[in-house]
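Notes follow once the structure below has been shown.
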Amino acid sequence: PAFPRVVAGDWHGHLQWARHVIRAARDAGAGTILQLGDLGVCWPGRGKGRLDAKLDRYLDGFDLDLIFIDGNHDSHSDLRALEVGPDGLAHVLPRIKYLPRGGRTVVRGVSVGGLGGAFSVDHAWRKPGVSWWPGIEEVEPKDVAKLIAGGPVDILLTHDVPAAVPMQSQWSNLDAETIDRAQVSRD
């Protein structure tokens, strides 16, 4: 079956970058963008919802849907409060849909699983409940168990790099405790 050809991540609420990716997705013939977390919707504060509304209108203008998982820099308390529909998604707005941890959905005949979250290695510079969600930002064993219990998926979306995937760290200045804690999410 036809499948969306666009996967993106870490927009961090940057609307201009999002618009660039949306235009590229349209040009590639995609109907859906799979976003790997740190999107920036449902972000707390005075402007809450503004980015969401602008992004939804822009997606609608290009007849595209966005399905995202949570990263470590997403409003975890707000995302967890969303109601998940029979399609396995929580609809933030008509074009913006959240795939919860351990959840699954079907996109154009392809099964997609979500395992978002990660440890924020930059937590020392963030404010709890505002830009950092200690205790709920990281992947938990129950999330993995839920995903596995549903059987295989064609595509697994993760925010953190799974431990089996080699990567070169750019965080050589991190202390050993932070590196070890981040490794737990990868494992």
> Do you know which residues across region 78-99 are open to solvent by 20 Å² or more (accessible area, probe 1.4 Å), farther than 17 Å from Ala53 by Cβ and in a loop (DSSP other than H, G, I, E, B)?
Replying inline: Ala81, Glu83, Gly85, Pro86, Asp87
> Within region 146-162, can you find the residues that are open to solvent by less than 90 Å² (accessible area, probe 1.4 Å) and within 18 Å of the chain's Cα centre (by Cα)?
Replying inline: Leu147, Val153, Ile155, Leu156, Leu157, Thr158, His159, Asp160, Val161, Pro162
> Within region 141-161, is there a residue that is of a type in the set (A, V, I, L, M, F, W, C), at pLDDT below 90 and assigned to a loop (DSSP other than H, G, I, E, B)?
Replying inline: yes
> Take the residues of region 32-70 that are assigned to a loop (DSSP other than H, G, I, E, B) and small (Gly, Ala, Ser): which is surrounded by the most Cβ atoms within 10 Å (Cβ to Cβ)?
Replying inline: Gly37
>> Condition first: assigned to a loop (DSSP other than H, G, I, E, B), touching a Lys or Arg at 6+ places or on another chain (Cβ under 6 Å) and at pLDDT 95 or above. Can you find one or more residues in region 118-133 that meet it?
In response: no
> Looking at (1) open to solvent by less than 20 Å² (accessible area, probe 1.4 Å); (2) small (Gly, Ala, Ser); (3) assigned to a loop (DSSP other than H, G, I, E, B), which is the one condition that is false for Gly29?
Replying inline: (1)
>> Please count how many residues of region 102-115 are at pLDDT below 95 and part of a loop (DSSP other than H, G, I, E, B).
In response: 2
>> I'd like to check something: does region 103-112 contain any residue that is exposed (fewer than 11 other Cβ atoms within 10 Å of the Cβ) and farther than 22 Å from Ile67 by Cα?
In response: no
> Looking at region 126-145, is at least one residue open to solvent by 50 Å² or more (accessible area, probe 1.4 Å) and aromatic (Phe, Trp, Tyr)?
Replying inline: no
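The values are calculated or read from the model by the stated rules, or taken from the named source; none is laboratory data. For clarity, every value in this text was computed on a predicted model and none was experimentally measured. Note that we place each Cβ from the backbone using ideal geometry, even for glycine, and neighbour counts take in every protein chain shown. These accessible areas exclude ligands, DNA and RNA; they are computed on the full protein's heavy atoms, side chains included. Shrake-Rupley method; radii C 1.70, N 1.55, O 1.52, S 1.80 Å.
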